[in-house]
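This report concerns only the one structure given below.
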Amino acid sequence: MRVLATFTKLPSARANTGFLAIMETQMDAVFSLTGRMNRKPFIIWYLVLAVVGTVASVVYQLQIGSAVPPPKIPAGTDPLQAFVLGFTQGMKPTAFFTMILSIILIWPWTALTTKRFHDRNKSIWWPLILVTLPMLATIVYAAGFAGLLPFLDEATVTAIAMGTIIFQMFAGIWVLIECVFLRGTRGPNAYGPDPIANDEAVEAAKAQQAGDWAG
């Protein structure tokens, strides 16, 4: 827990390393929409959430795998149509689980991405469009495949699903570039102080001290 508290680099964790303070720091990292977050804690938390989601999906698939019949694709079906049919039939057994998992993860994904975009001095609208909106669409089409939205026919649900997946591919690349490859703004910005400014100052001081000793 001390390692995670250090990674998030929030003042409360530095001032008090007690268990409650550390837990508060971590809850703030995952659920708060304010402040800034540098790349290291962002990557760590994203990996944690991705692992949780993947493990839950694998366990669920193993539980229902034997009960799910293979997709029935008529011979001679057009490849694109065959893909859509296979996707539609494959989604139905896992639709309810996908919906619940998306509902659980939508807020942490949004909070982490928001703080990371804040570090890039960009507003919450970017993560809302690139992360939250497609996750809401995922909840909608999963609920549709689960039969919870009877006013949407299967063709409409499939169209929403295909559009969402295509959008997520491009949005994911954008989020990867902004949140992983690009450094946040140096120094304070509209959303708070630089989360790694203190660390850079410490490293500079150490380098200066090492140079003095060498000299």
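Mind checking which pairs have a first residue in the range 169-190 that is under 15 Å from residue 39 (Cα atoms) and a second that is aromatic (Phe, Trp, Tyr) and surrounded by 12 or more Cβ atoms within 10 Å (Cβ to Cβ), Cβ under 8 Å, 6 or more apart or different chains?
Qualifying pairs under 8 Å: 178/117; 178/126; 179/42; 179/117; 180/42.
With the structure loaded, tell me whether residue 22 is surrounded by 15 or more Cβ atoms within 10 Å (Cβ to Cβ), of a type in the set (Val, Ile, Thr) and either modelled with pLDDT of 65 or more or assigned to a loop (DSSP other than H, G, I, E, B) (or both) or whether it fails that test.
No; evaluated as a whole, the condition is false for this residue.
Tally time: how many residues in the range 133-163 are under 29 Å from residue 37 (Cβ atoms) and open to solvent by less than 20 Å² (accessible area, probe 1.4 Å)?
Total meeting the criteria: 3.
Please work out if residue 37 is at pLDDT 70 or above and open to solvent by 40 Å² or more (accessible area, probe 1.4 Å).
Criteria not met by residue 37.
Report every pair of residues separated by at least 6 positions or lying on different chains whose Cβ atoms are under 9 Å apart, first residue within the range 138-160 and among the aliphatic types (A, V, I, L, M), second part of a loop (DSSP other than H, G, I, E, B) and open to solvent by 20 Å² or more (accessible area, probe 1.4 Å).
From the range 138-160, the pairs are 140/149; 140/152; 142/148; 143/149; 143/152; 157/149; 160/152.
From the list 166, 177, 103, which residue is of a type in the set (A, V, I, L, M, F, W, C) and more than 22 Å from residue 42 (Cα to Cα)?
Of the residues listed, the single one that is of a type in the set (A, V, I, L, M, F, W, C) and more than 22 Å from residue 42 (Cα to Cα) is 166.
Could you count how many residues in the range 110-132 are open to solvent by 30 Å² or more (accessible area, probe 1.4 Å) and assigned to a helix (DSSP H, G or I)?
Total meeting the criteria: 4.
The values are calculated or read from the model by the stated rules, or taken from the named source; none is laboratory data. Small disclaimer: the values here were computed from a predicted structure and weren't measured. When we count neighbours, we look across all protein chains shown, and the Cβ atoms used for this are built from the backbone with ideal geometry, even at glycine. Ligands, DNA and RNA are excluded from the accessible area calculation, which covers all protein heavy atoms including side chains. Shrake-Rupley method; radii C 1.70, N 1.55, O 1.52, S 1.80 Å.
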